[in-house]
């Protein structure tokens, strides 16, 4: 099975939100082994914006299997005036390598700038994901590692959206 034709959209329905929670569960709980309480839903959800990536799936011969399959998601939390916080970026393991994560981050930046008038995005990156964000022009402004959920993180910024 292969994923094709990724489309990123703002979450606008309960179905979309349920798909986002399912993606978080599959990545955080099943794949990464975090507890079921970790990042699935929280008090920020009602005031946040979620984006979801969906793809078509095809079999080995290229024949369609399904359309609009959820493969990734990201959350934009209004962190400070004019600053968005990128949170909860997840991509299913079978969809990695297709630039879904990059598409989600770019879509979040565009939404933050064009729809919300924000001019910066900050995030707390797991240490081994630092290079991914650096390729997307995020920078560590203070080279300080902090521990969150038992994992090393860096605070990263992208300014001037």
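The values are calculated or read from the model by the stated rules, or taken from the named source; none is laboratory data. Bear in mind that the values here come from a model prediction, so they are computed numbers and not experimental data. Counting neighbours? That spans all protein chains shown, and the Cβs are built from the backbone with ideal geometry, glycine included.
Things worth noting here:
- From 120, 131, 107, 113, residue being out of contact with any strand residue (DSSP E or B) (no Cβ under 8 Å at 6 or more places or on another chain), modelled with pLDDT of 95 or more and within 17 Å of residue 78 (Cα to Cα): 113
- Hits in the range 38-67 (condition: free of Cβ contacts under 8 Å to residues at least 60 places away in the same chain, more than 20 Å from residue 121 (Cα to Cα) and part of a strand (DSSP E or B)): 54, 55, 56, 57, 58, 64, 66, 67
Matching residues to (1) surrounded by 16 or more Cβ atoms within 10 Å (Cβ to Cβ); (2) over 17 Å from residue 11 (Cα atoms):
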| site | (1), (2) |
| --- | --- |
| 80 | no, yes |
| 89 | yes, no |
| 108 | yes, no |
| 115 | no, no |
| 150 | no, yes |
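- Answer from 99, 54 - the residue that is surrounded by fewer than 18 Cβ atoms within 10 Å (Cβ to Cβ), within 30 Å of residue 1 (Cβ to Cβ) and at pLDDT 95 or above: 99
- Residues in the range 13-37 that are in a loop (DSSP other than H, G, I, E, B), more than 16 Å from the chain's Cα centre (by Cα) and surrounded by fewer than 16 Cβ atoms within 10 Å (Cβ to Cβ): 13, 33, 35, 36, 37.
- Every residue from the range 152-161 that is more than 17 Å from the chain's Cα centre (by Cα), surrounded by 12 or more Cβ atoms within 10 Å (Cβ to Cβ) and either in a loop (DSSP other than H, G, I, E, B) or modelled with pLDDT of 95 or more (or both): 159, 161
- Residues (touching a residue at least 24 places away in the same chain (Cβ under 8 Å) and in contact with a helix residue (DSSP H, G or I) (Cβ under 9 Å, 6 or more places away or on another chain)) located in the range 21-37: 26, 27, 31, 34
- Answer from 152, 143, 128 - the residue that is more than 15 Å from residue 49 (Cβ to Cβ) and in contact with a helix residue (DSSP H, G or I) (Cβ under 6 Å, 6 or more places away or on another chain): 152
- From the list 74, 144, 83, 90, the lone residue that is at pLDDT 95 or above and more than 23 Å from residue 18 (Cβ to Cβ) is 83.
- Note on the range 121-148: residues that are part of a loop (DSSP other than H, G, I, E, B), surrounded by 12 or more Cβ atoms within 10 Å (Cβ to Cβ) and free of Cβ contacts under 8 Å to residues at least 12 places away in the same chain amount to 0.
- The set of residues in the range 78-105 that are touching a residue at least 60 places away in the same chain (Cβ under 8 Å), closer than 16 Å to residue 54 by Cβ and in a helix (DSSP H, G or I) comprises 94, 95, 100, 103, 104.
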